Amino acid sequence: MMNRRQLIGAAGAAFFASIPRAFAATYDLIIKGGRVIDPSMGFDAVRDLAIAGGRIAAVEANIAADATETIDARGKIVTPGLIDIHTHAGRSKEGPPMCLQDGVTGWVDAGTGGADNMDAVAAVARGAPQIGRCLVNIARTGVIAPGGELHDINMANVAMARAAIIRNRDVVVGVKARLSDNVTGANDLEALRRAQEVATSFNLPVMIHVGQNYSPLRAILALLKRGDIITHIYAPGKNGILDEKGILSPEVMAAHRRGIIFDFGNGVSDHFDWDTVEKATRQGLWPDTFSTDWNTSSKTSGVVDLPNVMSKLIMFGMPLKEIIAAATVNAARCFPAFDDRGTLNIGAPADVAIMELREGSFEFLDNYKGTRTGRQRLFPSETVLNGKRVQRA
């Protein structure tokens with residue numbers, strides 16, 4: 001039996017094969033001569049990419065046909081549109097277009113809104129130029145920073161969270177619980193239990209924010225189910241992924257083996273440091289997905305954009321194809337709303353990111369003002385959304 005991506009490819013091939021020959025040579029857009037990397041199909045080669053009717057029409061060595069518009073991608077990397085599964089782009093209508101400039105053609109707002117303000121965040125998602133989806137915060141207030149939203153466990157109201165999802169079922173794709181000590185105190189396990197109670201009502205995943213937790217990480221992991229997501233995996237400090245000797249907790253890798261998704265989650269405060277990244281990756285813990293924890297002020301922080309966050313793991317030896325996978329097909333698999341994204345398969349929606357991989361000396365920041373110098377960095381160059389070139393700001 002074919003999976004959904006295979007069905008997209010088969011249906012797309014049949015559709016384009018049915019176009020009369022006289023019209024088959026004309027495309028809306030051709031992206032010429034880029035290094036096309038599509039981990040969904042195990043593809044990495046210099047190719048032309050043609051788009052027609054908002055969908056991928058051809059990926060070939062040399063497409064000589066006419067096109068309404070052409071993008072010269074020689075010397076650049078062409079990938080499926082990037083998907084950022086942990087942003088706060090839903091805070092304002094200015095957020096989604098800014099993400100789009102960075103090659104992000106799909107995003108998830110991770111808990112900005114709780115039951116009290118989910119409707120406003122959902123409205124931003126519906127009005128976004130690209131696919132925007134939301135996680136409802138188990139705390140009715142949504143994110144409160146600084147201060148934390150779960151010091152009063154009564155804020156984790158199951159009935160109200162369910163009602164918020166029902167009102168916004170078209171855009172809500174999961175539940176978020178921030179479990180740092182400064183957010184929950186001793187309430188972390190109960191908050192997670194309530195988040196699971198809400199999520200399982202709708203067969204949705206839970207995303208948890210970890211780092212400096214009150215409870216041991218093993219106790220938190222025990223409450224997670226397959227498909228749930230841990231963000232800020234490289235957070236240092238107490239009750240994290242490493243013990244006091246810097247050894248990776250065996251419960252962490254056991255959770256990964258049973259289908260828990262590990263997300264980078266850059267952020268700006270207490271979410272990762274270089275020492276934890278180095279020790280964890282040396283012991284085999286690599287991110288399944290990259291995310292930024294992005295908001296409209298991120299350009300002036302150590303986040304910058306999703307390609308910059310992806311570049312940070314190049315320094316530690318993560319292969320480029322795996323990095324691209326983590327920001328495309330792996331991210332798409334986290335939520336059914338993105339099932340037909342994260343791929344350049346024939347017939348798929350034509351969401352494309354074009355990036356430059358520059359060589360040089362680049363300074364990268366962790367959340368503690370620590371710097372590392374890398375020799376390569378990805379920069380966003382062009383974005384194509386639904387087959388149309390996005391104008392650069």
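The values are calculated or read from the model by the stated rules, or taken from the named source; none is laboratory data. Model, not experiment: these values are computed from the prediction. Virtual Cβ from ideal backbone geometry, glycine too; neighbours counted across all protein chains shown.
Pairs needed: first member in the stretch 314-343, of a type in the set (Ser, Thr, Tyr); second member anywhere, modelled with pLDDT under 95; C-beta distance under 9 Å; at least 6 residues apart or different chains. These pairs meet every condition: THR343/ARG5; THR343/ILE8; THR343/GLY9. For beta carbons closer than 8 Å, sequence separation of 6+ or different chains, a first residue in the stretch 226-245 that is outside any strand (DSSP E or B) and a second that is crowded, with 21+ Cβ neighbours inside 10 Å and among the acidic types (Asp, Glu), the qualifying pairs are HIS232/ASP263; HIS232/ASP293; ILE233/ASP263.
Whether any residue in the stretch 122-129 is without any contact (Cβ under 8 Å) to a residue 12 or more places away in the chain, closer than 25 Å to SER201 by Cβ, of a type in the set (A, V, I, L, M, F, W, C) and surrounded by fewer than 23 Cβ atoms within 10 Å (Cβ to Cβ) is what I want to check. Yes: the stretch 122-129 contains one or more residues that are without any contact (Cβ under 8 Å) to a residue 12 or more places away in the chain, closer than 25 Å to SER201 by Cβ, of a type in the set (A, V, I, L, M, F, W, C) and surrounded by fewer than 23 Cβ atoms within 10 Å (Cβ to Cβ). Is it the case that THR184 is surrounded by 15 or more Cβ atoms within 10 Å (Cβ to Cβ), more than 24 Å from TRP107 (Cα to Cα) and either of a type in the set (Val, Ile, Thr) or touching a Pro at 6+ places or on another chain (Cβ under 7 Å) (or both)? Spelling it out, THR184 is indeed surrounded by 15 or more Cβ atoms within 10 Å (Cβ to Cβ), more than 24 Å from TRP107 (Cα to Cα) and either of a type in the set (Val, Ile, Thr) or touching a Pro at 6+ places or on another chain (Cβ under 7 Å) (or both).
Please verify whether the stretch 138-156 includes one or more residues that are within 19 Å of LEU223 (Cα to Cα), in contact with a strand residue (DSSP E or B) (Cβ under 7 Å, 6 or more places away or on another chain) and either of a type in the set (D, E, K, R) or touching a residue at least 60 places away in the same chain (Cβ under 8 Å) (or both). Scanning the stretch 138-156, I find at least one residue that is within 19 Å of LEU223 (Cα to Cα), in contact with a strand residue (DSSP E or B) (Cβ under 7 Å, 6 or more places away or on another chain) and either of a type in the set (D, E, K, R) or touching a residue at least 60 places away in the same chain (Cβ under 8 Å) (or both), so the answer is yes.
The residue that is nearest to THR200 (Cα to Cα), counting only those in the stretch 133-149 that are touching an Asp or Glu at 6+ places or on another chain (Cβ under 6 Å) and surrounded by fewer than 24 Cβ atoms within 10 Å (Cβ to Cβ), is ARG140. Kindly indicate the residue of the stretch 340-379 that is in contact with a helix residue (DSSP H, G or I) (Cβ under 7 Å, 6 or more places away or on another chain) and loosely packed, with under 15 Cβ neighbours inside 10 Å and also farthest from ASP44 (Cα to Cα) among those meeting that condition. So the residue we want is GLY370. Residues in the stretch 187-225 that are assigned to a helix (DSSP H, G or I) and among the β-branched types (Val, Ile, Thr): VAL198, THR200, ILE220. All conditions but one from (1) under 24 Å from ALA115 (Cα atoms); (2) surrounded by 14 or more Cβ atoms within 10 Å (Cβ to Cβ) apply to THR200; the one that does not is (2). Selection of the stretch 46-78 for residues being under 30 Å from LEU135 (Cα atoms) and crowded, with 24+ Cβ neighbours inside 10 Å yields ILE56, VAL78. With respect to the conditions (1) more than 21 Å from MET98 (Cα to Cα); (2) out of contact with any Leu (no Cβ under 9 Å at 6 or more places or on another chain); (3) free of Cβ contacts under 8 Å to residues at least 60 places away in the same chain; (4) not hydrophobic (A, V, I, L, M, F, W, C), THR300 lacks only one, and its number is (1). Within the stretch 263-287, track down each residue that is within 23 Å of PHE338 (Cβ to Cβ) and either among the basic types (Lys, Arg) or crowded, with 22+ Cβ neighbours inside 10 Å (or both). Selection gives ASP263, PHE264, GLY265, ASN266, GLY267, PRO287. Taking each residue of the stretch 264-293 that is at positive phi and touching a residue at least 12 places away in the same chain (Cβ under 8 Å) and looking for partners that are part of a loop (DSSP other than H, G, I, E, B) and polar (S, T, N, Q) with beta-carbon atoms closer than 6 Å, six or more apart or interchain, yields GLY265/SER291; ASP270/ASN367; ASP293/ASN266.
Yes/no per residue for (1) buried (at least 23 other Cβ atoms within 10 Å of the Cβ); (2) farther than 17 Å from PHE272 by Cα; (3) touching a strand residue (DSSP E or B) at 6+ places or on another chain (Cβ under 9 Å):
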{"site": "VAL206", "(1), (2), (3)": "yes, yes, yes"}
{"site": "ASN213", "(1), (2), (3)": "yes, no, yes"}
{"site": "ALA222", "(1), (2), (3)": "no, yes, no"}
{"site": "ILE229", "(1), (2), (3)": "yes, no, yes"}
{"site": "LYS238", "(1), (2), (3)": "no, no, yes"}
{"site": "LEU242", "(1), (2), (3)": "no, no, yes"}
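Quick check: anything in the stretch 370-388 under 25 Å from GLY267 (Cα atoms), part of a loop (DSSP other than H, G, I, E, B) and touching a residue at least 40 places away in the same chain (Cβ under 8 Å)? Yes - at least one qualifying residue is present in the stretch 370-388.
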